[in-house]
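Report on the structure given below.
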Amino acid sequence: MVQQHRGEEEKRRRFFINDNVDILREILKRLDGPSLGVAACVCRLWCSLTRNDDSLWEHLCFRHVSSASVRAVVVALGGYKRLYMVCVRPVLSRLGDSERVRKRVWTRHEVQLSLSLFCIDTYERLGTGRLSTDASASSLMFLCNTVNV
Amino acid sequence: QLFSPVRNVPSPQASSYNCNYNYAQGMQGQSLLGCSPPRFSSSQIGAFNSSHKGKGLSPLHRVFNSPNNQYMQHVENLSLPAIEEFLEDYQGYSSSKESSDIASSSECFDLSSQIPPMLDGLTMPNSSRYHDDETSVHGAAAGSRSSQISQESDMYHQMGSMASASLSQALQQERYHEKQQKQQQENLMLPIPIGIEQEQDNGLQLVHLLLACAEAVAKEEYMVARRYLHHLNRVVTPLGDSMQRVAACFTDSLSARLNATLTPKPSKLTPPSPSNSLEVLKIYQIVYQACPYIKFAHFTANQAIFEAFETEDRVHVIDLDILQGYQWPAFMQALAARPSGAPFLRITGVGPTLDGVRETGRCLTELAHSLRIPFEFHAVGEQLEDLKPNMLNRRVGEALAVNAVNRLHRVPGSHLGNLLSMIRDQAPNVVTLVEQEASHNGPYFLGRFLEALHYYSAIFDSLDATFPTESAQRAKVEQYIFAPEIRNIVACEGAARFERHERLEKWRKIMEGKGFKGVALSPNAVTQSKILLGLYSCEGYRLTEDKGCLLLGWQDRAIVAASAWRC
């Protein structure tokens, strides 16, 4: 009897989150931006997940605007992770909202504007070879704190 | 022929700053012409009055509203007597006509209290009555002119009591006194630049020197102008604060103008342009990235076009100056995100060189491809004056939009009418027009100079606030984008002057004269612009609306005006 209990306990203790990537993904999806960044530093599996799985980042951007057309546009322009890093995060900070607030409601105009800025950024990178500007040049730089050149 | 627009009454703002630099436009015999006051809807007035205090005002504004110089409310008009004289030569200006219309603005009339022309006015009133800190410099120079000072004081008192009396009398008196002093004027030494630390006084001094010099140039008193330029060159520096930098640009332009008039053979006024066009592109990119002006222009125009294309399946946009095509990615994205799917999009880009336009077209095609938008690009490498209807490639069954951002002002007046008629004949659904909001096309040099000084002071001030201090990028922007504009406006005449900015009112008249009707920009455009401006870290940008058109400005000076038209 005691042995059976111990077996069950061992079975319970041997549950290891990294063996269950689907559950891991579901959990990571619910994190806010900074936490997701921290999660990326935990181990190789988590790092590769946060880096490669774009759907983890989708929930940070415009969760309330889930139309297929928006998703197609974002994917075409570089994906949700890039959208978050390059556009949503600076916009949020400028609008005065903390990144930790996941449940922010985006107005339609804010969404449109962010997507437009994101698109311009992508376009600039398309033309980068032509202009041979450095990769950090971006029309979204105004969203970052100005650095003395 | 494009003239400066005429305004009847100064804006109802009580601020002295806006009421001044008025001069009569003889053409239509109307009285006052405000150089600087933008027209804002009355709801904005309260906001502006409160913004008069504190830093971040345009340098000229700060200079004129500094609390030290209460007399400034008078002296800022000190250009007026001289200008009046100057204009008298030109058009038989009648004071009586002016008086009835000026009546509303009492501050303008304090000007009629005799202010001697700038030469004297610079130091004398300072020392005589109003300055709290008595600087001995003034005292020394005042020795021979104390009689003048007492004269002025008397006149001030007189004028003060007369302010309510008939204005024409006051003006006549003023002219009389002025003529008295005019003889002494010729022999006077130029005022010694004051070494006061106060920024406002330095700025004031710069402005006065610039205006005096410009006036001398306008009157073709070249020796006097040279002396002023000499002083200016000692005082201005392209490395100082925004007022000094703007003054440096204007000083260079005045020198250039002087040289152009005096050298017998026409010398090409080539501004210092960067060696390769790549540099120019990069600098344009800097302005595009850091300041909201261009983004505002693009986004507002895009919104108007997008709404006009609401239910269309095949759309065609003609961009009259496509440059790098930065306007169109956002537009394409909006089309792609449409619930009804993206329409078939054609863009016809017009630019000075065919290769450049084709390159832009390649990038746009690539973007459209990744956004899955059916897309076609057509390049036209012609000057707008040479544009023919068949180049526009219009097809039946498509909705057409014509986009003209900051380009139409360069089209010579004689060709502009034809161009607009041609555009109208293409039956576009919407024509979007965004232009710099300034009146830089007046026939009189001095008026243009004043207007440009106000306008570019505001712009330089906004650059100062937007870029970090001592920024090399800002210096590049100022040197390669705005300084050439200033130079062109100040130093060039005739066909060589292509920066012919006009105000929104003037564009309205032009468009309506060609059969276009204004389309009010939607609340969506307003909201979008507000959010866009909210993303910028510095506080001075202001959005205003004027009869359905949007204007973006810095503090209280409108910089860019956007409007939409249909026919």
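Summary table
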read-out: Inter-centroid distance (Cα atoms) of region B:223-241 relative to region B:454-512, Å; value: 20
read-out: Per residue, in Å², the accessible surface of region A:17-99 once ligands and nucleic acids are set aside, probe 1.4 Å; value: 49
read-out: Relative compactness, region B:500-567, computed as alpha-carbon Rg over 2.2 N^0.38 Å; value: 1.20
read-out: Interface B:A - total buried accessible surface [probe 1.4 Å, Å², rounded to 100]; value: 3400
read-out: Region A:17-99 - Debye-derived log10 I(q)/I(0), Cα point model, q = 0.23 Å⁻¹; value: -1.16
read-out: Average partner coverage of B:329-340, which counts Cβ from other chains inside 10 Å; value: 6
read-out: ³J(HN,Hα), Karplus 6.51/-1.76/1.60, whole Hz, each residue of region B:390-402, x for Gly, Pro; value: 5, 6, 7, 6, 6, 10, 6, x, 10, 8, 10, 10, 10
read-out: Subset of A:K81/B:K530; B:K506/B:K547; B:K295/B:K476 violating a 23 Å alpha-carbon distance limit; value: A:K81/B:K530
read-out: Interface residues, region A:38-79 - accessible area loss of 40 Å² or more versus chain alone, probe 1.4 Å; value: A:S69, A:V73, A:A76
read-out: Test item: Cα-centred dipole of region B:266-386, Lys/Arg +1 and Asp/Glu -1 on Cβ, debye; value: 360
read-out: Per-selection metrics, region B:306-376 (Cα): Rg and Dmax in Å; value: 11.8, 37
read-out: Complex-versus-alone comparison for region B:454-482, residues with a loss of 50 Å² or more in accessible area, probe 1.4 Å; value: B:P468
read-out: Cβ-placed point charges (K, R +1; D, E -1), dipole of region A:17-99 about Cα centre in debye, nearest 20; value: 240
read-out: Difference of contour (0.36 nm per residue) and Cα-Cα distance, B:V526 to B:D313; value: 74.1 nm
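The values are calculated or read from the model by the stated rules, or taken from the named source; none is laboratory data. From a predicted model like this one, the values you see are computed outputs, not experimental measurements. Reconstructed Cβ throughout: ideal geometry from the backbone, glycine too, with neighbour counts over all protein chains shown. All accessible areas refer to the heavy atoms of the entire protein, side chains included, with ligands and DNA or RNA removed. Shrake-Rupley method; radii C 1.70, N 1.55, O 1.52, S 1.80 Å.
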